[in-house]
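The values are calculated or read from the model by the stated rules, or taken from the named source; none is laboratory data. Quantities reported herein were computed from a predicted structural model and do not represent experimental measurements. Glycine gets a Cβ as well: all are built from the backbone with ideal geometry, and neighbour counts include every protein chain shown. These area figures cover heavy atoms from the full protein model, side chains too; ligands, DNA and RNA do not enter into them. Shrake-Rupley method; radii C 1.70, N 1.55, O 1.52, S 1.80 Å.
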Amino acid sequence: MVLLCTASSSTTLLARQALLARSAAVVGQSRSVHDLVIKRKTGLPIHRAGPYGGGRSSVSGHVATVFGCTGFLGRYLVDRLAQKGTQVVVPYRDEDEKRHLKVMGDLGQIVPMEWDLRSDQQIEECLRHSDVVYNLTGRAHETKNFTFEDVHATGAGRIASIAANAGVSRFIHVSHLNASKDSPSPFLRSKAQGEELVKSAFEGATIVRPGHLYGHEDRFLNQMASWPLTWHVNYGQTKLRPAHSIDVAHALEVMLDAELTSIGQTFSLAGPRTYTINQLLNLVQSLTFEKIRREGLNVPKFMLKAATKIADRAWWPMLSPDEVDRRYIDDLADEPGTKSWADLGIEPDTVEEVAIVYLRRYRSNLRFEQPVETGGSRLKKGKYHVVD
Ligand SMILES: NC(=O)c1ccc[n+]([C@@H]2O[C@H](COP(=O)([O-])OP(=O)(O)OC[C@H]3O[C@@H](n4cnc5c(N)ncnc54)[C@H](OP(=O)(O)O)[C@@H]3O)[C@@H](O)[C@H]2O)c1
């Protein structure tokens, strides 16, 4: 710097040119052919930069919009994308709902934008700079403004067609395991309808069908621990294949670059093991040391549905009548022709491997620190639960 300031103007110019040439050479050396990816669908280049394998100051070259990012699964996906250096547009409805997402990436990397599912213009603004759009928008209960069909079918189809018109190269849509037009649950029927609308609006869309999700903010293990009565249905015999939220977020992230494996495909992302509701209640009981399961107790379906219908109108819905219906539906085996974890190189967790992380908070302070293996005589040594 001292040299540049004291030199004559022509010398300064030459010195600057030399400096520029040197820095260009350095940048050139740090780039490699494998950093350049050409998107299969649009032919547009994606250029990675920064530390290899991600990190806060790396740049993956992708810009992603995650609709439904303010929910349970959304935070884990945004976190994973941001850690890999992807710029993430996070559409939100309530100012407070996106605050936890802002700190997941470097300054300017998480871009919050207000949106409404009924506004084409706002949807277009949210995705116009993105090369990938994730749609996680969904709701377990209907509201006075939005039916299941509005959110899971019409809404999903609208986002997909706006994304297609805007030239977005990937569309990854989160549906639900068991989604079927013939399902007794309106929720699952609307999810199946949504899949069809998305596939017809966006060529090459990827459909993801996770099983019941568990994690810190779930409505699954948390409800079993805090409100077990609502799980004493169908004599505890419904078969479920729960999936870990972190694994599903990982799968969604991997799909972004695994174009060959995932474009135009449907993924069944159920957990690796099938449990009956009774087995899961036993598991929760042995981890929390609380009396969760009442032998012989079975709440009749009509009674639980009636109670949830009343509660639905009186308070913020804790359990919708549709969720009661779904507690009687066995999780299906993966449909032939769908892909799964192995195609993405992911080995999913079983519930008993990780549930303690989410359930320890339900223990009394006296037994909070107790190791899981010491849960009682019915537990096998070294392995805790499934006791039936
Ligand atoms: N949780 C599970 O067990 C499970 C299992 C399989 C599949 N899935 C599917 O995975 C996706 C994510 O699930 P999740 O558990 O993260 O759901 P969640 O916690 O209920 O979050 C749902 C997201 O959708 C948004 N949303 C809902 N209704 C909307 C509307 N009318 N307009 C705009 N945004 C709306 C919410 O935004 P606001 O925050 O603004 O309300 C939120 O960001 C959903 O499609 C769900 O059906 C979930």
TODO: Compute the accessible area per residue over the chain, keeping the other protein chains in place, probe 1.4 Å, unit Å².
DONE: 50 Å²
- [ ] Compare the Cα positions of Gly204, His47, Ala243 along the charge dipole of the chain (+1 at Cβ of Lys, Arg; -1 at Cβ of Asp, Glu; about the Cα centre) and return the one farthest towards the positive end.
- [x] Ala243
- [ ] For Ala243, enumerate residues with amide H under 5 Å from its amide H, sequence gap 5+ or separate chain, H modeled in the peptide plane.
- [x] Gly211, His212, Leu213, Tyr214, Gly271
Open item on the list: Suppose we keep just the DSSP beta bridges with both residues in region 194-288; what percent of those would be antiparallel, to 5?
Closed with: 25 percent
Open item on the list: Just to confirm the filter: which GluC sites (Glu not before Pro) across region 290-355 are DSSP coil and have at most 14 other Cβ within 10 angstrom of their Cβ?
Closed with: Glu295
TODO: Run the dipole for region 38-210 about the Cα centre, Lys and Arg Cβ at +1, Asp and Glu Cβ at -1, nothing else charged, and hand back the magnitude in debye, nearest 20.
DONE: 600 debye
Open item on the list: Using a 1.4 angstrom probe on the protein heavy atoms only, could you order Met113, Met255 from most to least accessible area?
Closed with: Met113, Met255
TODO: Using only Cα positions of the chain, each an equal point scatterer, no hydration layer, compute I(q)/I(0) via Debye at q = 0.07, 0.14 Å⁻¹ and quote the log10 values to two decimals.
DONE: -0.39, -1.26
Open item on the list: Can you compute the charge dipole magnitude of the chain about its Cα centre, using +1 on each Lys and Arg Cβ and -1 on each Asp and Glu Cβ, nothing else charged? Give it in debye, rounded to the nearest 20.
Closed with: 600 debye
Open item on the list: Per DSSP helix of 4 or more residues, -39500 (n - 2.57); summed, then divided by the residues of the chain. What does that give at 222 nm, rounded to the nearest 500?
Closed with: -10500 deg cm²/dmol
- [ ] Treating the angle as unsigned and between 0 and 90°, give the value, to the nearest 10°, between the Cα long axis of helix 277-288 and the longest Cα principal axis of the chain.
- [x] 70 degrees
TODO: Determine the percent antiparallel among the DSSP beta bridges restricted to region 38-210, to the nearest 5.
DONE: 10 percent
TODO: Measure nothing but the geometry: give the 0 to 90° angle between the long axis through the Cα atoms of 156-165 and the longest principal axis through the Cα atoms of the chain, rounded to 10°.
DONE: 20 degrees
Open item on the list: Going by average Cβ density within 10 Å per residue, which order do the peptides 304-313, 81-90 take, highest to lowest?
Closed with: 81-90, 304-313
Task: Fraction of antiparallel bridges per DSSP, the chain only, in percent to nearest 5 - done: 20 percent
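Round to a whole number: what % of the accessible area of the chain belongs to carbon and sulfur, probe 1.4 Å?
The computed percentage sits at 55.
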TODO: Relative to the longest principal axis of the C-alpha atoms of the chain, give the angle of the C-alpha long axis of helix 9-30, reported between 0 and 90° and rounded to the nearest 10°.
DONE: 40 degrees
Open item on the list: Checking the table Lys144/Lys199; Lys144/Lys305; Lys84/Lys199; Lys98/Lys144 against a 21 Å threshold on Cα-Cα, which pairs fail?
Closed with: Lys144/Lys199; Lys84/Lys199; Lys98/Lys144
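I need to check one value: relative contact order of the chain, counting alpha carbon pairs closer than 8 Å and at least 6 residues apart, in percent.
Taking the mean separation of contacting Cα pairs over the length of the chain, I get 13 percent.
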